[in-house]
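Data first, discussion second: the structure below is written as structure tokens.
The values are calculated or read from the model by the stated rules, or taken from the named source; none is laboratory data. Here the structure is a predicted model, which is why all the values come from computation and not from measurement. Ideal geometry is used to build each Cβ from the backbone, glycine not excepted, and the neighbour counts take in all protein chains shown.
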Amino acid sequence: MSSENALAELRLTTRAEHDRIEHILRLDEPMPLERYGAILCGLDAFLRAWEPRIHAALPERLQPWFRTRRRGGFASADVEWLRAVAGVAPVPMISKLAATLPLGDPAEAMGSLYVIEASALGGRAIAPQLKRTLGLGQGRGASYFHGFGGETGAMWANFRVQAALEIGDSSRDTVRACQSAKRTFAALIDLFAPLAPPEAAPARVEPSMQIAPALLMAYGAASAEPPAPAPLADIHIDLPAEDESEDDPTLVELPMDDGEDAGGDTQRMPL
């Protein structure tokens, strides 16, 4: 497995989690300032717990490299600007899972870093919308999504190279990186779950007309006419006349159906 394949595996194995967090946050849709403030408070809470743990998990040679990429200060500054200037009260949030993510080696650290580093790319599309819909920008409540501005693409390319070097060709390390990325997404999904849109109620299913008509009527089914019952077979019963002997049996004439014709034959049997 090549190092480039490791990055491809990270992307493929976290696709469902990536789609889920996008569905929860809906950052590409217009939103009120209060909701945006809640998202920033969540990011600030997550990064306050996560960034020191990533720093400690990386080899000492990579710690200066990571310090130049930290964006937690941007989120904290945005929360403070919203409070002081826009009058949006901070939403108390604690990211419990961020404090317990397993980050025992560089592969796990790089897998977790992949989630946050990739989100910086999305910020390039989100920042213009925040400016257009809420009037926010760099230094004005949207520093986190502005990120490193024009350097964001180069920063992402640099991360890919570094992650590929650290994960290497090892299938074991690739698996550990992927598991770590999925756990990081799970921590974010758990944190922002209260902001998820309500799921649409399932469409009403009309009762099947195969249900017994009496049950349909009893439970107030739609006013569709119930199917007419099948016609009764041509059966008649010969009852004994009053003057007949009691020893004579009552006979029942039953239809015979051998499956070879349209019916019509009968057989007399005692009742």
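Here is how the numbers come out for the structure above:
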| item | result |
| --- | --- |
| Criterion violated by residue 104 - all others in (1) assigned to a helix (DSSP H, G or I); (2) surrounded by fewer than 22 Cβ atoms within 10 Å (Cβ to Cβ); (3) not polar (S, T, N, Q) satisfied | (1) |
| Residue list for the stretch 29-70, filter: touching a residue at least 60 places away in the same chain (Cβ under 8 Å) and within 16 Å of residue 108 (Cα to Cα) | 50, 62 |
| Near pairs, Cβ below 8 angstrom, 6+ apart or cross-chain, from the stretch 8-28 (basic (Lys, Arg)) to any residue that is assigned to a helix (DSSP H, G or I) | 20/185; 20/189 |
| Helices (runs of 4 or more DSSP H) contained in the stretch 1-84 and holding at least 1 residues crowded, with 18+ Cβ neighbours inside 10 Å | 3-13, 15-25, 33-57, 72-84 |
| Criterion: assigned to a helix (DSSP H, G or I), among the β-branched types (Val, Ile, Thr) and farther than 30 Å from residue 90 by Cβ - qualifying residue of 161, 115 | 161 |
| Residue check, residue 125 within 18 Å of residue 46 (Cα to Cα), under 24 Å from the mean Cα position of the chain (by Cα) and modelled with pLDDT under 95 | no |
| Residue satisfying condition, being in the same structural domain as residue 110 (by TED's automatic domain parsing), over 22 Å from the mean Cα position of the chain (by Cα) and over 22 Å from residue 113 (Cβ atoms), within set 62, 33 | 33 |
